[in-house]
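For reference, the structure is listed below as structure tokens.
Readers should treat all values here as calculations from the given coordinates under stated rules, not as data from a laboratory. The shown structure was predicted, so the numbers you read here are calculated from the model rather than taken from an experiment. No Cβ is skipped: glycine too gets one built from the backbone with ideal geometry, and neighbour counts run over all protein chains shown.
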Amino acid sequence: MIPRYARPEMVSIWSPETKFKIWYEIEAHACDAQADLGVIPRENAEAVWKAKDVEFDVARIDEIEAVTKHDVIAFLTHLAEHVGSEEARFVHQGMTSSDVLDTCLNVQLVRASDILLGGLDKVLAALKKRAFEHKDSVRVGRSHGIHAEPTTMGLTFARFYAEMDRNKARLQAAREEIATGAISGAVGTFANIDPAVEEHVCKMMGLKPEPISTQVIPRDRHDVLCDAGVIASIENVAIEIRHMQRTEVLEGANSLDGSKRLVGDAAQKEPGADRKPDRAGPSGAHDRGACDGKRGAVARTRYFAFVGGTRHWPGRDRDAGFRAEPSGRLLKMLVFRKTCWTT
């Protein structure tokens with residue numbers, strides 16, 4: 001995690017200190033279950049809990065790992081330095097490294113998902129409030145990114161709300177999917193450890209036992225990573241905000257082939273207006289410098305109507321927009337200007 005871009009509670013979940021603390025809890029709960037089964041002495045299991053308030057030294061664990069070349073062995077060696085070598089001799093008995101690593105990872109993912117779900121609840125509440133607040137705030141609608149019939153900001157916020165509500169449902173399902181743990185030993189056969197140990201550890205860590213594993217928890221359970229990416233992209237919202245910063249998309253630009261005409265749909269059509277498709281320049285950018293015919297004039301006039309009529313774009317004929325005869329819809333937009341952009 002990059003601290004300056006993340007919330008402190010999220011950074012904490014993925015810190016080395018938290019990881020080692022979770023490793024410790026998994027090992028200690030496993031010792032308790034082993035003692036209950038009579039596999040290890042009770043006093044040894046109780047001795048492990050003497051380290052429950054210990055702040056594990058990350059630098060010391062790294063130092064040991066540089067010698068052992070094994071992260072879990074390095075941690076267990078450091079744990080023995082706190083509880084005593086004799087007392088810690090039964091820690092990790094019958095387990096494999098992935099029992100600790102994969103179970104810990106899923107604990108972290110569950111905790112991170114809970115933070116994200118709490119954040120989504122706040123976003124949903126804000127969107128719902130804005131949807132009702134702006135249910136009568138008129139704004140220009142768009143069809144294929146181009147100005148079309150009027151709509152309201154309330155409906156726009158309602159659309160954002162619906163998408164975020166779906167995102168929350170996805171994340172809840174993903175959290176449920178990832179909330180499993182495995183304490184099944186080498187290759188996942190329980191050959192050297194009782195399944196009761198897995199049940200106890202998972203219960204104490206807030207997980208369910210993984211039904212079938214090959215000592216590694218199946219990676220297809222990691223849907224939460226994909227769903228978090230979908231939520232974070234919020235492409236629908238980003239495109240809407242981008243369009244609110246401009247007044248035209250592809251309007252009045254030239255075509256690569258001047259003989260072909262691009263006709264807009266009914267929601268985009270201005271009386272007596274036609275236009276050509278956009279032209280990509282050498283850099284891939286669209287050529288917005290050429291606007292011809294009444295369509296170009298209407299597009300420019302619409303732009304000036306919504307920004308106040310004083311801004312000049314380089315390469316544009318500033319006066320042509322004001323000479324164009326406004327259509328009925330444009331007059332309506334002029335009336336709605338304050339409502340659209342100042343509420």
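What does the extension gain come out to for M1 and A191, with contour length at 0.36 nm per residue minus their alpha carbon separation? Please list the in-between numbers first.
Working: separation 190, 0.36 × 190 = 68.40 nm, distance 3.75 nm.
Full extension from M1 to A191 adds 64.7 nm.
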Treat each spin label as a single point 7 Å out from the Cα along the C-beta direction, and report the D36 to E177 distance in nm.
-> 3.1 nm
Dipole axis of segment 1-55 (+1 Lys, Arg; -1 Asp, Glu on Cβ), positive-most option in V11, A30, I40 = V11
Expressed in angstrom, Rg and Dmax over the Cα atoms of segment 44-103 are 11.4, 30
What does the convex hull of the Cα atoms of segment 102-238 come to per residue, in Å³, rounded to a whole number?
-> 102 Å³
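Short version: what are the Cα gyration tensor semi-axes of segment 1-63, square root of 5 times each eigenvalue, largest first, in whole Å? Could the numbers behind the result be given before it?
Numbers: eigenvalues 186, 31, 14 Å².
Taking √(5λ) for each eigenvalue gives 30, 13, 8 Å, largest first.
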Taking max minus min of the Cα coordinates of segment 49-171 on each principal axis, largest first, gives extents in Å of 77, 29, 27
Mean Cβ neighbour count within 10 Å, used as a protection proxy, ranking 115-128, 187-200 highest first | 187-200, 115-128
With r defined as the distance between the Cβ atoms of A66 and L225 and R0 fixed at 22 Å, what FRET efficiency is calculated, to the nearest 0.05?
-> 0.15
Residue among S137, T96, F157 farthest towards the positive dipole end of segment 41-176, charges placed on Cβ | S137
